[in-house]
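K.L.:
Mind looking over this structure? Questions follow.
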Amino acid sequence: MSAEQDVDTATLEQLRDILINKSGNVKLANRFRALFNLKCIGSEIDADKERADTAVQYIGECFKDSSELLKHEVAYVLGQTKNLSSAPILRNVLEDEQGQQVMVRHEAAEALGALGDKDSLALLESYFKNDPLIEIRQTCELAIERIHWENSEKAKTERLQDSLYSSIDPAPPLDLNTEYKIEKLQKILNDQATPLFERYRAMFRLRDIGTDEACLALASGFADESALFKHEIAYVFGQICNPVTVPSLINVLKDTTEAPMVRHEAAEALGSIATDEVLPILKDFAKDSDEVVRDSAIVALDMYEYENSGELEYATAA
């Protein structure tokens, strides 16, 4: 099968071969498309558990790859499958402190939270307390709180907005039973004294509101010191696709002092928004000196083409 062939016609095994670049000449964008298709199969637990588990195992094979961008996307996708067969794979990635980059390990921890995997709590607690990297500690903190919330009475009684987005997020939006003005949500979002999980809940409440005012409130979070926090805001902007966010995303992408995990997410968000002003920016950063930013811009350009052709929905990571 040609590496350029439409992945929608590929068998399960062909999708794996495209994803792991078995031929050695598969474009990164096509590998992302194969990953998205495998994610859909891996989610079909009720329809065909054996096939879904096989898809999950095939996705996991990609953690041997050298591309930080692709591997972090792989971790994200496994968390979105709702398939607990993903959990052992993700735990191994989180524990691989020497072999995996921080962005990949962070995404693995976040994915365990998305799965609501109670069996991972002890491991997440250990890394929350002991990991030297702030990005990992903060991610584990969020994953622990998400798992606790999902298995709590609160999860049964809180009234959450019906989201426009199908993603399983690091935190649920704040409860609709409490009325919040955007100004109040912005204050919670940026309050360093508020627990991180609550700040994320404010973030996702603002995302679900999605107005220009809500987006500008979210953009104020780019002043935060946490790379993890800022990369989540950029991810959220890629979901909302409101052009009002483009100037702030361009500023983040252009800031070479910013963490690559933040800049890369800004590039992907710009690819999703896909306004005319975005194209020359992405072309410029497809030559960036940082590999993960460069690869993100290349994939974002591919996303740009598809957003403007209406052919494909991408599943991009946070």
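The values are calculated or read from the model by the stated rules, or taken from the named source; none is laboratory data. In this text, all values refer to a predicted model and were calculated from it rather than measured experimentally. Glycine also receives a Cβ, built like all others from the backbone with ideal geometry; neighbour counts cover every protein chain displayed. Ligands, DNA and RNA are excluded from the accessible area calculation, which covers all protein heavy atoms including side chains. Shrake-Rupley method; radii C 1.70, N 1.55, O 1.52, S 1.80 Å.
K.L.:
Each residue of the stretch 134-146 in order: what ³J(HN,Hα) in whole Hz does its phi give by Karplus 6.51 cos²θ - 1.76 cosθ + 1.60, θ = phi - 60°, with x for Gly and Pro?
P.N.:
Per residue, the Karplus-derived 3J(HN,Hα) values read 4, 4, 6, 4, 5, 5, 5, 4, 5, 5, 4, 5, 5 Hz.
K.L.:
DSSP loop (so not H, G, I, E, B), at most 15 other Cβ within 10 Å: list which GluC sites (Glu not before Pro) in the stretch 138-187 pass both filters.
P.N.:
Details: sites: 141, 145, 150, 153, 158, 179, 183; in loops: 158, 179.
For GluC sites (Glu not before Pro) across the stretch 138-187 that sit outside H, G, I, E and B with at most 15 neighbouring Cβ atoms in 10 Å, the list reads 179.
K.L.:
Short version: ³J(HN,Hα) in whole Hz for each residue of the stretch 287-302, in order, from phi by Karplus 6.51 cos²θ - 1.76 cosθ + 1.60 (θ = phi - 60°), x for Gly and Pro, what are they?
P.N.:
Coupling constants for the stretch 287-302: 10, 4, 6, 8, 4, 5, 6, 4, 5, 5, 5, 5, 5, 5, 4, 5 Hz.
K.L.:
I would also like to ask the following. Got a sec? Charge dipole of the stretch 213-288, +1 on Cβ for Lys and Arg, -1 for Asp and Glu; which of 237, 267, 251 is way out at the positive end?
P.N.:
After comparing all options, I get 267.
K.L.:
For the chain, what is the calculated [θ] at 222 nm in deg cm²/dmol (nearest 500), taking -39500 (n - 2.57) for each run of four or more DSSP H residues and dividing by its residue count? Mind showing how you got there, number by number?
P.N.:
Working: 17 runs with 196 residues, N = 318.
Here the helix-only value at 222 nm equals -19000 deg cm²/dmol.
K.L.:
Now for a separate question. Spelling out what I want: for every residue of the stretch 11-22, take phi, set θ = phi - 60°, compute 6.51 cos²θ - 1.76 cosθ + 1.60 (Karplus), and round to whole Hz; glycine and proline get x.
P.N.:
Along the stretch 11-22, the couplings run 6, 4, 5, 5, 4, 4, 5, 5, 4, 7, 6, 4 Hz.
K.L.:
Mind checking the dipole of the stretch 68-216: about its Cα centre, +1 per Lys or Arg Cβ, -1 per Asp or Glu Cβ, Debye to the nearest 20? Intermediate results must be reported in sequence, preceding the final value.
P.N.:
Details: 18 positive and 27 negative charges, 50 e Å.
With only Lys, Arg, Asp and Glu charged at Cβ, the dipole is about 240 debye.
K.L.:
Tell me, what % of the accessible area of the chain is carbon and sulfur with a 1.4 angstrom probe?
P.N.:
The nonpolar share, carbon plus sulfur, comes to 46 percent.
K.L.:
A follow-up question, please. Excluding ligands, DNA and RNA, what is the solvent-accessible area per residue of the chain at a probe of 1.4 Å, expressed in Å²?
P.N.:
In whole numbers, the chain has 43 Å² accessible per residue.
K.L.:
Which of 71/154; 71/118; 129/181; 118/184; 82/154 have a Cα-Cα distance over 26 Å? Present the calculation step by step, with values, prior to reporting the outcome.
P.N.:
On the way: 71/154 33 Å; 71/118 24 Å; 129/181 35 Å; 118/184 33 Å; 82/154 20 Å.
Long pairs (Cα-Cα over 26 Å): 71/154; 129/181; 118/184.
K.L.:
Mind checking which lysines have their C-alpha under 18 Å from residue 230, skipping anything on the same chain fewer than 8 residues away?
P.N.:
Correct list for residue 230: 187, 254.
K.L.:
Evaluate the relative contact order of the chain (contact order divided by residue number), counting alpha-carbon pairs under 8 angstrom at least 6 apart; express in whole percent.
P.N.:
Values: 496 pairs, mean separation 35.9, N = 318.
The value is 11 percent.
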